[in-house]
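Report on the following structure.
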Amino acid sequence: VQLVESGGGLVKPGGSLRLSCAASGFTFSDSYMSWIRQAPGKGLEWISYISSGGSYSNYADSVKGRFTVSRDNAKNSVFLEMNSLRAEDTAVYYCARDRRGRLNYLDSWGQGTLVTVSS
Amino acid sequence: DIQMTQSPSSLSTSVGDRVTITCRASQNISTYLNWYQQKPGKSPDLLIYAASRLRSGVPSRFSGSGSGAVFTLAIGSLQAEDFAVYYCQQSFTTPFTFGPGTRLEIK
């Protein structure tokens with residue numbers, strides 16, 4: 001299983017950014033995917049998941065209405081569209097395979113991509 | 001939202017020691033509790049899921065227990081590679097909140 005995030009960078013407050021996560025080594029279209037972030041020197045914050053087919057998604061209150069998760073199963077990729085970015089969105093963003101069923105857990109994580117929101 | 005707490009927040013220990021980390025949820029989460037290990041500069045790794053199920057490939061010195069609202073991660077005979085930050089996470093309901101982490105440091 002391999003997950004590779006990209007798209008991070010420096011953006012001004014109020015700006016937008018689109019993160020991508022390329023997956024390989026497993027049947028992507030069967031898997032839920034989640035995004036988790038980690039502010040510098042801080043703990044982990046789950047922010048969103050998307051179902052295997054893309055029909056269902058859920059967000060943390062801290063990003064609801066500003067972030068949108070989507071996926072392209074033909075390209076084995078999941079995306080996080082981030083709008084109206086704030087300084088407090090500065091973090092390393094990880095995508096993770098989200099195992100669902102009777103048990104729920106994040107069993108594979110990417111290396112992360114850093115988003116810095118600053119003027 | 002379900003709040004997760006961990007104790008201690010940090011622990012200074014030695015190779016060979018046995019350590020226990022406690023995670024508490026603000027409500028009953030059955031066994032929807034996972035443990036992750038994060039080493040400096042790396043992404044988190046899943047250690048234990050469903051409170052007590054050891055992920056394949058994780059050394060047997062790691063074990064998890066608990067149900068309801070109180071959980072423990074035990075590491076028997078610490079090895080040098082175990083010094084890291086450990087996070088619990090509830091997967092009972094969204095948002096899937098994490099605990100604040102427990103840092104294991106070398107004494």
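Bear in mind these aren't lab numbers, they're just calculated from the coordinates by the rules spelled out. Source: prediction; values computed, not measured. Note that we place each Cβ from the backbone using ideal geometry, even for glycine, and neighbour counts take in every protein chain shown.
Some notes on this structure:
- Single match in B:Ala74, B:Ala25, B:Ala51 (criterion: more than 24 Å from A:Arg37 (Cα to Cα) and either out of contact with any Pro (no Cβ under 6 Å at 6 or more places or on another chain) or surrounded by 15 or more Cβ atoms within 10 Å (Cβ to Cβ) (or both)): B:Ala74
- Any hit, the range A:67-77, residues being surrounded by fewer than 22 Cβ atoms within 10 Å (Cβ to Cβ), farther than 18 Å from B:Met4 by Cβ, among the hydrophobic types (A, V, I, L, M, F, W, C) and away from every other protein chain (no Cβ under 14 Å): yes
- Unmet requirement for B:Gly57, which otherwise passes all of (1) surrounded by fewer than 16 Cβ atoms within 10 Å (Cβ to Cβ); (2) closer than 17 Å to A:Leu44 by Cα; (3) over 14 Å from the mean Cα position of the chain (by Cα): (2)
- Options B:Thr13, B:Thr31; residue that is of a type in the set (Val, Ile, Thr) and either more than 9 Å from chain A (Cβ to nearest Cβ) or touching a Lys or Arg at 6+ places or on another chain (Cβ under 7 Å) (or both): B:Thr13
- Single residue of the range A:43-66 satisfying the filter (out of contact with any strand residue (DSSP E or B) (no Cβ under 6 Å at 6 or more places or on another chain) and more than 14 Å from chain B (Cβ to nearest Cβ)) that is surrounded by the most Cβ atoms within 10 Å (Cβ to Cβ): A:Arg66
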